[in-house]
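First the structure, in the form of structure tokens, and then the observations on it.
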Amino acid sequence: MIENGQYRLRKSELEGFQSVPEAIAKEVGKKVLRWYVSEVTKDEIVFEATTWSGPLGDDVIPVQPHYHPGKSAVLNLVPTGIGCSIGGFAGDAAPITNLLASTADYLITHPNSVNGSNFIGLNSANIVYTDGCSLDFFAQGLVNLHVPYMNKVGLIIEKADRRTLDIVFNVVNACRAIHGANITEVFITEESIGGRCIENKSGAFVGTLDKPHVLLDACAKLINNGVNAIALTSSIQDLPLNAYVKHFEGNYPNPVGGVEAVISYLTTTHFRVPSAHAPILNLDQLAVTNSIVDARGAGEHASASGLACVLIGLQKAPQISPRANFREADVLHWNNVLAVVTPASCLGGIPVIYALRHGIPVIAVEENSTILEVNKMKCDLPEVIEVRNYAEAAGVILALKKGLDLESIARPLQRLKY
């Protein structure tokens, strides 16, 4: 069973903001798929968590550091379901992702940053398309990211009518013909998976599944047939249509993103393979919106299905638990990360907290607003570097890469004297 809940921690019982992960594990006492801090008050830290009561994969044993001197990576976070003004729609964080990719050897980001249904913003070859669960494991130092030459992608399609299946298989064949995607294993479920939208108390969207066993059984069949990346496409129920209209007007978080994250977190946690979800059809849901939508969501509005971007992205998604005969192009460890870039109002996720623990600079972008207010001041994190926009973030990364003290390029410059 999948459950979503909101919990509260007393600040007086914590040893600073960086001790939140251990406190969450103690407070929830269940198998947590994903969590994030949703609010910080004078006395409390509020977090929202998705838990799972079924079996998961074996415990992850921390990997040994696999650091290659001179190889730099930047982690760009654009969390889903919290209304990011840049990246909270349909691939609209792609320009800033590609900008940041020019500052380092690798730019690690999650699908939410670049996915736009028929469109995907992987314009730079050094972007590492990494699902959120793998990112969390990576940030905790539990896994390396093994960059492949090519993955064998399996696809799970939720039970659907013939018209829908025709659209989906045309998308699959287009990705094979145009992008060279290795998609040979397709499994159509005999039952619906039952993905449902849920709006948390903070206003962030998460989700649940009526029949998670249908999903997991299908994944197991694909894994047994040799795939090492899983694309999933299904319908999302309980979609609040009024909220969806407001989303495409540019005024509301994406209601679908949260349940998509739950689906991929469950899949990756259980099978240790990269995974990503896409809506099986966009047309029926988008019929309620205006004919010309906010430009940030236009990619979804212009596409019949959300699937293409996922199939393309998973081609070279990194592995966290490579299987036999895996051909590795490169490997990244958390020590290779030069900086973490994130919206300034959502500093309460796993990658940010663990970056701060390990002394990795966190760059908080003020212009990428969200519905949350978990910021530098409320979390008492003086070490966080605040910038106005992603152009400034790129400049800071270049300064860090060159080994320049950030104070030395700002004015006034404090004078040292005896």
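What follows draws every value from the coordinates through simple rules; no lab data is involved. Remember, it's a predicted structure, so these values are computed and weren't measured experimentally. We place every Cβ from the backbone using ideal geometry, glycine too, and count neighbours over all the protein chains shown.
Just to check I understand the Karplus step: with θ = phi - 60° and J = 6.51 cos²θ - 1.76 cosθ + 1.60, what whole-Hz values come out for region 317-332, glycine and proline as x?
5, x, 8, 10, 9, x, 9, 4, 6, 6, 9, 9, 8, 6, 9, 10
Could you work out how far the C-alpha centroid of region 76-155 sits from that of region 387-409, in angstrom?
Here the two parts' Cα centres lie 21 Å apart.
How do HIS270, HIS333, HIS110, HIS277 line up, fewest other C-beta atoms within 10 Å first?
Fewest-to-most Cβ neighbours within 10 Å comes out as HIS333, HIS270, HIS110, HIS277.
Given only helices, namely DSSP H runs of n ≥ 4 each adding -39500 (n - 2.57), what is the per-residue ellipticity at 222 nm of the chain, to the nearest 500 deg cm²/dmol?
After summing the helix terms and dividing by residue count, I get -8000 deg cm²/dmol.
Using the basic label-point model (7 angstrom from Cα toward the beta carbon), what is the ASP238 to LYS211 distance in nanometres?
Going by the 7 Å Cα→Cβ label model, 1.8 nm.
Pairs on different chains or at least eight residues apart, Cα atoms closer than 22 Å: how many lysine pairs in region 126-229 fit?
4
Scanning the chain for helices, which whole DSSP H stretches are 24 Å or more long along the axis (Cα) and average -0.5 or more by Kyte-Doolittle?
The answer, listed by residue number, is 162-179.
Ranked by Cβ crowding within 10 angstrom, fewest neighbours first, how are THR269, THR80 ordered?
So the residues, fewest neighbours to most, are THR269, THR80.
Relative contact order for region 146-261: what is it in percent, counting Cα pairs under 8 Å that are at least 6 residues apart?
Result for region 146-261 is 34 percent.
Most exposed first by the Cβ proxy, i.e. fewest other Cβ within 10 Å, how do ASP59, ASP131, ASP105 rank?
Fewest-to-most Cβ neighbours within 10 Å comes out as ASP59, ASP105, ASP131.
Please report the relative contact order for the chain, taking Cα pairs under 8 Å with a sequence separation of at least 6, and give it as a percent rounded to a whole number.
23
Find how much the distance from SER102 to VAL63 grows on full extension, using 0.36 nm per residue of separation minus their present alpha carbon separation; answer in nm with one decimal.
The span from SER102 to VAL63 would gain 11.2 nm if fully extended.
What percent does the relative contact order of region 2-52 come to when contacts are Cα pairs within less than 8 Å and at least six residues apart?
Once divided by the residue count of region 2-52, the mean separation gives 52 percent.
For the chain, give the share of DSSP beta bridges that are antiparallel, in percent and rounded to the nearest 5; count only bridges with both residues there.
In the chain, DSSP labels about 45 percent of beta bridges as antiparallel.
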